[in-house]
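S.K.: This is the structure, below, for whatever I ask next.
The values are calculated or read from the model by the stated rules, or taken from the named source; none is laboratory data. Only a predicted model underlies this, so the values are computations on that prediction, with no experimental measurement involved. No Cβ is skipped: glycine too gets one built from the backbone with ideal geometry, and neighbour counts run over all protein chains shown.
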Amino acid sequence: MQFIASSWEPSLLVVRGLSSMTDDSTFLSRSAIPNSLETLDFVGGELLLVDKPLKWTSFDVVKKMRGLTKVKKIGHAGTLDPLATGLLILCTGKMTKQIERFQGMEKAYEGTLVLGKTTPSIDLETDFDSEQPTEHITVEQLESARQQFLGWISQVPPQHSAVKVDGRRVYKSARKGKKVEIRPREVEIKAFNFTQIDLPTIRFEVVCSKGTYIRSLVRDLGEVLGVGAYLKQLRRTRIGQFEVNDARTISEWASLLKPTEE
């Protein structure tokens, strides 16, 4: 297995040799890193780790990387909302055949939620539509509510999401003010911890299965507490064994892949 990185910083950029990778492969080792990107084969298949910027859609990232790599066949292994940042895995060329494999890996997030206010999108994409006092909420109530969302739970995706109902993305109806009936899905919350509580704001970390909507988790927590909640900030920090610290920003990828002008 090879790891290709730039000469200016010894950090993982591209993971290769995944076809033979096993669950216990130590593919995040930083030994034997070449000093150039000349051996990359985007058509043959590469896996790229990108730190998605705020307000970019996942497809915006794919489109940008298509331009930088000059390869049309690129897909991502798990959508991030425009207002979320963090790890996005891109597969190029023949590696796109393995996208479902990466999509099925567990995800880890860190974020900030705010109790006492709600929005139709459950984040800051839309305006506030309700407000409730939160002064009465105790640490014991928070802990009791948190415990209810551990393990396998039934979760309804947000109306403002890319879920398809009858072949149509539900967010398109939501933006027109129409509510669509969405079937609940079973997802696993492997960890849900509050890392800082300063009501009405709570910092949290989540480890979850494929298909989990963190906005839905925040919405449901707010409903259990009887005050509502919205997601203020979200960052995906890990997919399987891939860490966001090993990813590169769009500008860094552009510097690495764009030909130097003489």
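S.K.: Among I153, I89, which is surrounded by fewer than 20 Cβ atoms within 10 Å (Cβ to Cβ) and either β-branched (V, I, T) or free of Cβ contacts under 8 Å to residues at least 12 places away in the same chain (or both)?
M.R.: That would be I153, the only listed residue that is surrounded by fewer than 20 Cβ atoms within 10 Å (Cβ to Cβ) and either β-branched (V, I, T) or free of Cβ contacts under 8 Å to residues at least 12 places away in the same chain (or both).
S.K.: Look at region 89-118 and say how many of its residues are among the acidic types (D, E) and at pLDDT below 95.
M.R.: 1
S.K.: Can K107 be described as under 30 Å from F42 (Cβ atoms) and touching a Ser or Thr at 6+ places or on another chain (Cβ under 9 Å)?
M.R.: So K107 passes the test.
S.K.: Still on this structure: Please state which one of R185, R168, R175 is without any contact (Cβ under 8 Å) to a residue 40 or more places away in the chain and within 24 Å of G240 (Cβ to Cβ).
M.R.: Of the residues listed, the single one that is without any contact (Cβ under 8 Å) to a residue 40 or more places away in the chain and within 24 Å of G240 (Cβ to Cβ) is R185.
S.K.: Kindly establish whether R66 is at pLDDT below 85, among the charged types (D, E, K, R) and surrounded by 13 or more Cβ atoms within 10 Å (Cβ to Cβ).
M.R.: no
S.K.: Just wondering, is there one or more residues in region 200-216 that are closer than 20 Å to A108 by Cβ, free of Cβ contacts under 8 Å to residues at least 40 places away in the same chain and not polar (S, T, N, Q)?
M.R.: Checking region 200-216: at least one residue is closer than 20 Å to A108 by Cβ, free of Cβ contacts under 8 Å to residues at least 40 places away in the same chain and not polar (S, T, N, Q).
S.K.: Residues of region 123-142 being exposed (fewer than 12 other Cβ atoms within 10 Å of the Cβ) and either farther than 29 Å from E181 by Cα or outside the structural domain of V224 (by TED's automatic domain parsing) (or both), which ones?
M.R.: P133, E135, H136, T138, V139, E140
S.K.: While we're looking at this one, here's another question. For region 216-233, state whether one or more residues are closer than 23 Å to L48 by Cβ, of a type outside the set (S, T, Y) and either at pLDDT below 95 or in contact with a Gly (Cβ under 8 Å, 6 or more places away or on another chain) (or both).
M.R.: No, there is no match, as no residue in region 216-233 is closer than 23 Å to L48 by Cβ, of a type outside the set (S, T, Y) and either at pLDDT below 95 or in contact with a Gly (Cβ under 8 Å, 6 or more places away or on another chain) (or both).
S.K.: May I pose another question? Of E106, E125, which residue is charged (D, E, K, R) and under 15 Å from the mean Cα position of the chain (by Cα)?
M.R.: E106
S.K.: Follow-up. Just to be sure before I move on: is K72 of a type outside the set (G, A, S) and modelled with pLDDT of 95 or more in the structure I sent?
M.R.: For K72, the condition - of a type outside the set (G, A, S) and modelled with pLDDT of 95 or more - is not met.
S.K.: Among (1) within 15 Å of the chain's Cα centre (by Cα); (2) assigned to a loop (DSSP other than H, G, I, E, B); (3) aliphatic (A, V, I, L, M), where does L88 come up short?
M.R.: (2)
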